[in-house]
1. Hey, could you check region 94-113 for residues that are among the aliphatic types (A, V, I, L, M) and buried (at least 19 other Cβ atoms within 10 Å of the Cβ) and say which is nearest to the chain's Cα centre (by Cα)?
2. Looking only at residues in region 159-201 that are surrounded by fewer than 12 Cβ atoms within 10 Å (Cβ to Cβ) and more than 30 Å from Val17 (Cβ to Cβ), which one is modelled with the highest pLDDT?
3. Filter region 122-143 for residues that are at pLDDT 75 or above and either closer than 13 Å to Gly18 by Cβ or in contact with a strand residue (DSSP E or B) (Cβ under 9 Å, 6 or more places away or on another chain) (or both) and give the result.
4. Just checking, does region 42-54 include any residue being at pLDDT 95 or above and surrounded by 18 or more Cβ atoms within 10 Å (Cβ to Cβ)?
5. Out of everything in region 167-191 that is β-branched (Val, Ile, Thr) and more than 13 Å from Val33 (Cβ to Cβ), what residue ends up being farthest from the chain's Cα centre (by Cα)?
6. Filtering region 2-31 down to residues that are charged (D, E, K, R) and at pLDDT below 95, which residue is nearest to His78 (Cα to Cα)?
Amino acid sequence: MNKEIAFPIVVSGPSGVGKTTLCHGLMERDSRVAFSISATTRKARSTEKHGHDYFFISQQEFERMREANEFAEWARVHDESYGTPRKYLDERISHGVSVLLDIDVQGGVQVMERYPLAVSIFVVPPSFKVLEERLRGRKSESEEAFRLRMENALGEMEYIAKYGYVVANDTVDAAVSRMEAIVVAERLRRERVLAGTSWREIVGIEMKGV
């Protein structure tokens, strides 16, 4: 009944909350969920690969794509540009694959506006103290950059009311289980199940008047 049902899954939350880890955990449990690859102008970290984690492009190329309306969403985050290629997103969904978009709140709102039936999940830390510890544990940026991320995190939390679901990342296994339950339930929504068909066709009723 729900074999081909697919939709964008927007996952947002403060930097360092563990969104990417949760997304990978969900993909391991659900073969019908794939990760969206975003384009970005920021430099790749040592563990990241072009075409796998992100499409690392120049600001000039990013502007060309934006002007050509090739992004489902785009935003400036921490002085860099990020965007989700529309072609990749639409093609995957048309083939019955729900696409995870691990994006900031600005991009998340854009996707929700463009795709009204998108599933939106806001990931929150158990506490801001835990979030601070996680960010400091990275040891990959200056104190000034760290403080900026914490300030941005507070601003991002203001968007929580725009999201359909809130998942606390207390433990990875528990948080992934919550996200998995959300996706399973969303595949059974009436709007999706009956899209382009009728309940009679779904249950195999062909006789008129039944």
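The values are calculated or read from the model by the stated rules, or taken from the named source; none is laboratory data. Just so we're clear, the structure is a prediction, and the values are computed from it rather than from any experiment. Because the Cβ atoms are built from the backbone with ideal geometry, glycine has one as well, and the counts that use them run over all protein chains shown.
1. As a first pass, look at region 94-113 and keep what is among the aliphatic types (A, V, I, L, M): 97, 99-101, 103, 105, 109, 111-112.
Within this subset, residues satisfying the condition of being buried (at least 19 other Cβ atoms within 10 Å of the Cβ) are 99-101, 103, 105, 109, 111-112.
Working: Val99: 8, Leu100: 4, Leu101: 2, Ile103: 5, Val105: 10, Val109: 11, Val111: 9, Met112: 11 Å.
The residue in question is Leu101.
2. Looking at residues that are surrounded by fewer than 12 Cβ atoms within 10 Å (Cβ to Cβ) and more than 30 Å from Val17 (Cβ to Cβ), I get Arg190.
3. Scanning region 122-143 gives Phe122, Val123, Val124, Pro125, Pro126.
4. No, because not a single residue in region 42-54 is at pLDDT 95 or above and surrounded by 18 or more Cβ atoms within 10 Å (Cβ to Cβ).
5. As a first pass, look at region 167-191 and keep what is β-branched (Val, Ile, Thr): 167, 171-172, 176, 182-184.
Of the ones still in play, those that are also more than 13 Å from Val33 (Cβ to Cβ) are 167, 171-172.
Working: Val167: 13, Thr171: 19, Val172: 17 Å.
The qualifying residue farthest from the chain's Cα centre (by Cα) is Thr171.
6. To start, the set of residues in region 2-31 that are charged (D, E, K, R) comprises 3-4, 19, 28-30.
Filter once more, keeping what is at pLDDT below 95: 3-4, 19.
Working: Lys3: 39, Glu4: 37, Lys19: 17 Å.
Checked region 2-31; the qualifying residue nearest to His78 (Cα to Cα) is Lys19.
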